[in-house]
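Take a look at the structure below.
The values are calculated or read from the model by the stated rules, or taken from the named source; none is laboratory data. These numbers come from a predicted model, not from an experiment. As a convention, Cβ positions derive from the backbone with ideal geometry for all residues, glycine included, and neighbour counts pool all protein chains shown. When the accessible area is computed, the model is the full protein with side chains, heavy atoms only, and any ligands, DNA or RNA have been set aside. Shrake-Rupley method; radii C 1.70, N 1.55, O 1.52, S 1.80 Å.
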Amino acid sequence: MWIYEKRLQFPVNIKETNAKLAQDIISQYGGPDGELSASMRYLSQRYSMTDNKVKSALTDIGTEELGHLEMIGSIIHQLTRDLSMEEIKASGFDKYYIDHTTGIWPQAAGGIPFNACEFQCKGDPITDLFEDMAAEQKARSTYDNILRLCKDHPDVAEPIKFLREREIVHFQRFGECLEAVKDNLDFKNFYAFNPSFDTKAPCLKNS
């Protein structure tokens, strides 16, 4: 159960439209390393997590990622809400406009639609936490790329900087979660079996 607050986690107040920039930033809405993938990944993985504190961390971070998805949607909306037809044509936004007008739809910057195959839930705490750490670093790299493109647009850059910082915090938290899971396993075998399913590595079951 969630309680919704009618405010963004970080304010988004963009004064000028920019369809080209919106087409770049939309990758963090529905792209391979975006906030939609992140939230679905963590909120799905929590069910098979063996450690209750780690499960809580996945729930917390997955919920926060939904808030980040809302921020990205707000950025895209404010960048495109008052576009003229001339601006739509000149910016190359016309292809998106044909299918979605200026509605917010999950896709990557290259136009590829969101796909659940972009994230994984393996049901193995070690495997999933390594994926989570990698996901946060890939998202951080994507935000670095966006910041290089929007450095002359401070209204856009400030919320993007905030989102980038949160990726770093999440990476650190997942690293702590990984260590917590490993501490409860046989140190010789924690890369060799699934602690949520096996009691011993498959190769050692008969030993």
Filter pass, Gln107 being open to solvent by less than 50 Å² (accessible area, probe 1.4 Å) and either under 16 Å from the mean Cα position of the chain (by Cα) or charged (D, E, K, R) (or both): yes
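I'd like the full set of residues that are aromatic (Phe, Trp, Tyr) and at pLDDT below 95, limited to the range 107-153. Don't jump to the end; show me each part of the working.
To start, the set of residues in the range 107-153 that are aromatic (Phe, Trp, Tyr) comprises 114, 119, 130, 143.
Result: Phe119, single match.
For the range 69-101, name all the residues that are among the β-branched types (Val, Ile, Thr) and under 14 Å from Ile25 (Cα atoms). Full working, then the answer.
Start the filter on the range 69-101 by keeping residues that are among the β-branched types (Val, Ile, Thr), which leaves 72, 75-76, 80, 88, 98, 101.
The answer is Ile72, Ile75, Ile76, Thr80.
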Residues located in the range 36-50, provided they are under 21 Å from Asp183 (Cβ atoms) and open to solvent by 30 Å² or more (accessible area, probe 1.4 Å): Arg46, Ser48, Thr50
